[in-house]
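The values are calculated or read from the model by the stated rules, or taken from the named source; none is laboratory data. Remember, it's a predicted structure, so these values are computed and weren't measured experimentally. All Cβ positions, glycine included, derive from the backbone under ideal geometry; neighbour counts span all protein chains shown.
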Ligand code: PMP
């Protein structure tokens, strides 16, 4: 039995499913999750000392590669002064100023400790600011596990939401309207019916939780126009895309200004950090200036700020994003070519340092229904073959892949060569 198998058996006795977050359990691909001992640059090493080229990057934060020496040094140095004060620090101002410099639509922002907290707080703020209860989200987009966001579409095409999980009251979920990503008409129809009750639209500007699905031309522009027309708040959930699709996030890449933005992952450099922010007029509705309550004992934690700020400073010190985009293209196009040569039908999507590949006969995948129609069995088989080859992909066909500055062309070419061998076995 491998060390990972032993640890997984032991873990399941005290931790539900053996993991502290569900998708880590390999629940969709099957098998035993790799327990990780350490990570360095583009590589992770499991409990059996097996090395993998990693395209998960801790689900996004590791855009500069694992265990970056400068981020680690900043954490150690800051820790020498104490771990948490529950009182404001200068570091929090420096961090807020840095984020605003990189994402100018965030005129004011507040730090939290996870992406879930960021989106939950932004939604409450949008509701408080507009005095409206309903919110609009898209099927297949994930915004963390807050009650109003863990809601799926009802049975009709355009119906009130139903809970995605026991524990969420139907009375609560009904305020969440769910429509189709990349389908502006579905948004227009629902606004025609409920527009004056809708506090906000929340959207992943590049969907990364149903594989990787970029917005079709005009989609984000259309959301902006609809929010302007109905005086609803446009929230870009850039927890995944922030500092990744471009230095200034998807809003910079597509040149659309949301009213509020939520951030996570990269902003913490590997420590638990999230943030939400936007127009001053809206942000000043937050306590203690305004009436909408939001708080956090460890928000703006100095160690987390030190890690995140160092990551943002490193990222903005040079043009890393053209290099990241070129590497992502190399990987995605390499996968596609290898699949073509092996007679495996495949579609690919990529933007900035995010990519997705789909086992499908469809030329292009631009919607949730197309993503879910792909060959899941084939993905699961491919995932395990790649794992054997020493390549760690996200253990689900519905997650985007991530590149880091630490991935060399040699790592990418080795990954493509491994993929070719795996395609031949499918
Ligand atoms: N929003 C998006 C777009 C995400 O991808 C995630 C996490 N994958 C979240 C919110 C929730 O973030 P967290 O897991 O840090 O709560």
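The condition of being modelled with pLDDT of 95 or more and in a strand (DSSP E or B) holds for only one of 261, 241, that being 261. Reported count of residues in region 371-405, each being touching a helix residue (DSSP H, G or I) at 6+ places or on another chain (Cβ under 9 Å) and part of a loop (DSSP other than H, G, I, E, B), is 11.
Of the numbered criteria (1) within 16 Å of the ligand (Cβ to nearest atom); (2) in a helix (DSSP H, G or I); (3) in contact with a strand residue (DSSP E or B) (Cβ under 8 Å, 6 or more places away or on another chain); (4) under 23 Å from residue 205 (Cβ atoms), the one residue 304 fails is (4). Cβ-Cβ distances below 6 Å connect the following pairs, each with a first residue in region 232-243 that is touching a residue at least 40 places away in the same chain (Cβ under 8 Å), a second residue that is within 8 Å of the ligand (Cβ to nearest atom) and assigned to a strand (DSSP E or B), and a separation of six or more residues or different chains: 237/262; 239/262. Applying a threshold of 8 Å to beta carbon distances and a minimum spacing of six or more residues, or different chains, the list of pairs starting in region 132-152 at a residue that is more than 17 Å from residue 165 (Cβ to Cβ) and ending at one that is within 11 Å of the ligand (Cβ to nearest atom) and part of a loop (DSSP other than H, G, I, E, B) reads 138/204. Within region 336-353, the only residue that satisfies the criterion of being under 17 Å from residue 213 (Cα atoms) and in a helix (DSSP H, G or I) is 336. Taking region 189-220, which residues are closer than 30 Å to residue 359 by Cα, away from the ligand (no atom under 16 Å from the Cβ) and out of contact with any helix residue (DSSP H, G or I) (no Cβ under 8 Å at 6 or more places or on another chain)? Those that are closer than 30 Å to residue 359 by Cα, away from the ligand (no atom under 16 Å from the Cβ) and out of contact with any helix residue (DSSP H, G or I) (no Cβ under 8 Å at 6 or more places or on another chain): 216, 217. Residues that are under 14 Å from residue 195 (Cα atoms) and buried (at least 22 other Cβ atoms within 10 Å of the Cβ) were ranked within region 127-142; the one that is farthest from the ligand (Cβ to nearest atom) is 134.
For region 285-296, the criterion of being surrounded by 15 or more Cβ atoms within 10 Å (Cβ to Cβ), touching a residue at least 12 places away in the same chain (Cβ under 8 Å) and in a helix (DSSP H, G or I) is satisfied by no residue at all.
Per the listing 234, 220, the residue uniquely assigned to a helix (DSSP H, G or I) and either surrounded by 21 or more Cβ atoms within 10 Å (Cβ to Cβ) or touching a strand residue (DSSP E or B) at 6+ places or on another chain (Cβ under 9 Å) (or both) is 220.
In the condition set (1) surrounded by fewer than 17 Cβ atoms within 10 Å (Cβ to Cβ); (2) on the phi > 0 side of the Ramachandran plot; (3) modelled with pLDDT of 95 or more, residue 167 is compliant with all but (3).
Counting only strands (runs of 3 or more DSSP E) wholly contained in region 1-112, the ones carrying 3 or more residues that are touching a residue at least 12 places away in the same chain (Cβ under 8 Å), more than 16 Å from the ligand (Cβ to nearest atom) and surrounded by fewer than 16 Cβ atoms within 10 Å (Cβ to Cβ) occupy 36-40.
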